[in-house]
Every structure is written in C-alpha cells, then in structure tokens.
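Chemist: Structure incoming, see below.
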C-alpha cells in the first residue's frame, strides 16, 4: 500500500480518530485535519487521497446553527465525485448519506451504549467486512438516522435503528456507530454528553458504557480489519 494523504474532518475536540490514528501512523500514511470548532481551512481535494469524517452532537440539518456545514457537505461531495476513499463515522455517515441524496432525520429512539449490530445478507458478501463476525456489540451514540442512499449496499442493522452502515462503490463507507473508540475518547464523549444518559431500554448508564473495556479492544481490532479490507479493495 502506498503512503497516502489522509485528511480528517472533526466537529468537536472529544470525537477524534481514536484507534484509527494509530492505524494511520503504523501504515506510514500522512494525516492532516480540518477542525471546525477552531479557525479552519479545507485543503484542495486533489491533494488528498482519503477523507475521514468524524462524529459530533450536531445534526446535518442544523446549517443555521453551524455555518460550516454547507461548506463541509460541498467538500464531501467533491471528494466522492473525485473517487476518493471516504469514511464517515456517526455524524460523518449521516453527512455522506445526505450528500448522496438520502434524507437524515431523528430516529424514534436514541441509541446510546453497547448494543449488537447484525450484518445484512448483502453485508455478509461484501469484501470490506471479510473476517468480521455477523453479530457483535459495538458502541452507539446517535439520535438521528437516515434512509439508505440510492446505489449503496446496506451492511449492518440493529433492532433500534435499521440503517447502521452502508457502502457506495466500495470506496465510500458510512458507519453510524463507533468502532474507533478508545478509553480516552469514550471518556470524553461521556463527559460532554452526560445530560443525555437517562437510562432506558436504548440508553445505557455511564457505568455500563465506560466499564466495557473488552468491547473497546475487540472493536478496535474490527476497525483495523475493516480499514485493511477497504484499502486493499482500492
């Protein structure tokens, strides 16, 4: 694999790359950032090979409150049109879904905590998920969902939220959940979103969220494998 220029879009300081950063540096790739919560600039799309779009508490339809959203969407659209490898996580997956023409809207229930995802029949056949179990616990923190964009393959679902992951042209991957969380990033998400943790059937307690260190390790290994598969296919 050649050394690639990987650019990351971040929306809040506590939802960073997590284990993905280690994967990038271990593979010898170059990493750059646009941080929309600081003074920011966007690179020329032609100067990057890969775009990673991280999560955040805002919604894709809040352009009045977050003026950079329209500019970000235009940048994502251009990256996809130019054939870049694109990975979106949580809010990032929702932004990709909207850019690809799908509707993003509040789900009937929030999903916060460690809940099982299941592969679809199509997902079981996709090379990007090679070596990934058909069902396992992964970390969720989202209130919005999206319709499946036209031309994409539906990869994962839960009983709470049908559209959990999709892939477009085997180069653009949207993950509604968080494979990438480490103990540090998980702590940051909890500290900044504690007001949402009103335990119920679809929202776990803080103790249950931060106490699952085995899940973190297992999910990081899955994230690494999916990145290996995605880049191998491209």
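Chemist: Given the options 6, 24, 20, 48, name the one that is within 14 Å of the chain's Cα centre (by Cα) and either in contact (Cβ under 8 Å) with a residue 12 or more places away in the chain or more than 20 Å from residue 175 (Cβ to Cβ) (or both).
Modeler: On inspection, the qualifying residue turns out to be 20.
Chemist: Between 9, 31, which is touching a strand residue (DSSP E or B) at 6+ places or on another chain (Cβ under 7 Å), in a strand (DSSP E or B), crowded, with 19+ Cβ neighbours inside 10 Å and modelled with pLDDT of 95 or more?
Modeler: 9
Residue-wise test of (1) in contact with a helix residue (DSSP H, G or I) (Cβ under 8 Å, 6 or more places away or on another chain); (2) at negative phi.
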position	(1), (2)
151	no, no
154	yes, yes
159	no, yes
166	yes, yes
169	no, no
189	no, yes
192	no, yes
196	no, yes
212	no, yes
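Chemist: Here is a follow-up. Could you look through segment 149-168, keep only residues that are surrounded by fewer than 16 Cβ atoms within 10 Å (Cβ to Cβ) and in contact (Cβ under 8 Å) with a residue 40 or more places away in the chain, and pick out the one that is nearest to residue 97 (Cα to Cα)?
Modeler: Once the filter is applied, the top-ranked residue is 150.
Chemist: Separate question: Mind counting the residues in segment 127-148 that are surrounded by 20 or more Cβ atoms within 10 Å (Cβ to Cβ) and out of contact with any helix residue (DSSP H, G or I) (no Cβ under 9 Å at 6 or more places or on another chain)?
Modeler: 1
Chemist: Another one. Which ones in segment 194-217 are touching a strand residue (DSSP E or B) at 6+ places or on another chain (Cβ under 7 Å) and in a helix (DSSP H, G or I)?
Modeler: 196, 208, 209, 215
Chemist: Name the single residue that is nearest to residue 105 (Cα to Cα) among those in segment 13-28 being out of contact with any strand residue (DSSP E or B) (no Cβ under 9 Å at 6 or more places or on another chain) and assigned to a loop (DSSP other than H, G, I, E, B).
Modeler: 14
The values are calculated or read from the model by the stated rules, or taken from the named source; none is laboratory data. Quick caveat, the model's predicted, so the values are computed rather than measured. FYI the Cβ positions are ideal-geometry reconstructions off the backbone, even for glycines, and counts take in every protein chain you see.
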